[in-house]
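The values are calculated or read from the model by the stated rules, or taken from the named source; none is laboratory data. Just so you know, these numbers come straight off a predicted model, no measurement behind them. So basically every Cβ, Gly included, is an ideal-geometry build from the backbone, and we count neighbours across all protein chains shown. Remember, those area values only see protein heavy atoms, side chains included, never the ligands or the DNA or RNA. Shrake-Rupley method; radii C 1.70, N 1.55, O 1.52, S 1.80 Å.
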Amino acid sequence: MKKSSVLAIGCGGAGNRLLNEFLELDRRYTGIFMNTNMAEMEDLKHFDRERRCFYIPNADGTGKDRKLAEQYIKDEAAKFVEMIKKFTNQNHIIFLTSANGGTGSKASVMLPRLIKAACPDKTISLIATYPNIDESDMDFENSLDFWEEVKTCRKRKFIDNVRFIDNNKPYTEDEINKLAMKELDDSFNIMEGKLDSSDVTRYHVSNGYNVVLRLDSDVSSIKRAIDMALSKSVYYIPENLECDVLIGNINSESHSLADIREKIECYDFSKFNTKTEGDSLLLIGGCIMPTEAIELVQESLEDLKNRRNRRQREEEVVITRNKKETVKKEKETSSRVTAEDLDAMYEDDSFWD
């Protein structure tokens, strides 16, 4: 697959920032910034209102309201299809988004349906950032809804494959975006020697969850090299690396091809190029979808609800205790000063002095 045949669509604020990083890596990629908020796009380096923009006017964002985003997208659906049809040379589309937003998380599961209906020959990948554990309940609820919709899109073949970015890695958001897009770019840079464009295409159109691993040439143990690559990746990784497609550009001086084949089981298509320098790069396509991302979201949401309920219970106890103290104080006051005492006090002229 040539880079010129790739169309990346950044949906929502997070998707726009990912797209900006992706376009920074190679000018041969084509990109579209899609949003309901112009302010989140217009300050980005590679944003172009005339050629790289699908803006839903008069929306001014959605406030993470996915229902509102859905209505906006339905209203502008015909315009989006008309625009996509113009990209006749871009047969592979990559959606970039966050799982927890309003515009991005909804657009990235609705727009693929439109594309598949209007341009069934185009293949679609989805890359989404899942929230970290410090986000709000709305972020977690949106992510749960997004997960279910992605499963539906995969089942109905609106989306061919997915990858999820782990926002809990010990990096800043900008660093995570750069690392994630560099890894995506690496998957197109693998063509060398025996590996050609059609081999790379097999990986990018595979059905399932995709993984990219860079094996350090200074680490000869395949197990250790893979473990290190997995830990460095900013993407969530499946529980196992069994796959349908396995493509590798292997440094034969550092890594054994036989060891790689033994470590990673491939059921359908595998092809390798060998070289004698640099790191080894593996493209692993058609894996099972990892559940770690959504399990972490579920746990974080449950923890947030428990903390909120605990705070409310503590507040109720404090209010009840204060009420009791107030009643007690009033009784003590009334028992010390009688109506007769007050009358006598008011009649004493010195009281008013």
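Restricting the calculation to Cα atoms, the stretch 126-252 yields a radius of gyration followed by a Dmax of 16.0, 50 Å. For the chain, what does the alpha-carbon gyration tensor say about shape, rounded, prolate or oblate, given a ≥ b ≥ c as the root eigenvalues, a/c under 1.5 as rounded, and a/b over b/c as prolate? Here the chain falls in the prolate category.
Taking 0.36 nm per residue of separation and subtracting the current Cα-Cα distance, fully stretching the chain between GLN312 and TYR267 would add 10.8 nm.
In this simple spin-label approximation, LYS157 and THR201 carry label points 7 Å from Cα along the Cα→Cβ vector, and these lie 1.7 nm apart.
Excluding ligands, DNA and RNA, the accessible surface per residue across the stretch 131-268 is 47 Å² with a 1.4 Å probe. Starting from the Cα gyration tensor of the stretch 1-155, take the square roots of the eigenvalues, sort them a ≥ b ≥ c, and report rounded, prolate or oblate (rounded when a/c is under 1.5, otherwise prolate if a/b is larger than b/c, else oblate). In terms of gyration-tensor shape, rounded. Straightening the chain between GLU295 and ASP174 buys 41.1 nm, computed as 0.36 nm per residue apart minus the Cα-Cα spacing. Its Cα gyration tensor gives the stretch 16-108 an equivalent ellipsoid. The semi-axes, each the square root of 5 times an eigenvalue, are 21, 16, 12 Å from largest down.
Please work out the C-alpha center-to-center distance from the stretch 188-218 to the stretch 29-65 and express it in whole Å. Between the Cα centres of the stretch 188-218 and the stretch 29-65 lies a distance of 31 Å. Please name whichever of THR276, GLN298, CYS287 sits farthest to the positive end of the charge dipole of the stretch 244-307, dipole taken about the Cα centre and charges placed at Cβ: Lys and Arg +1, Asp and Glu -1. Positive-end residue among those listed: THR276. In the stretch 30-94, Cα pairs under 8 Å separated by at least six residues give a relative contact order of 28 percent.
Computed over the chain, relative contact order equals 14 percent, with contacts defined as Cα pairs under 8 Å that lie 6+ residues apart.
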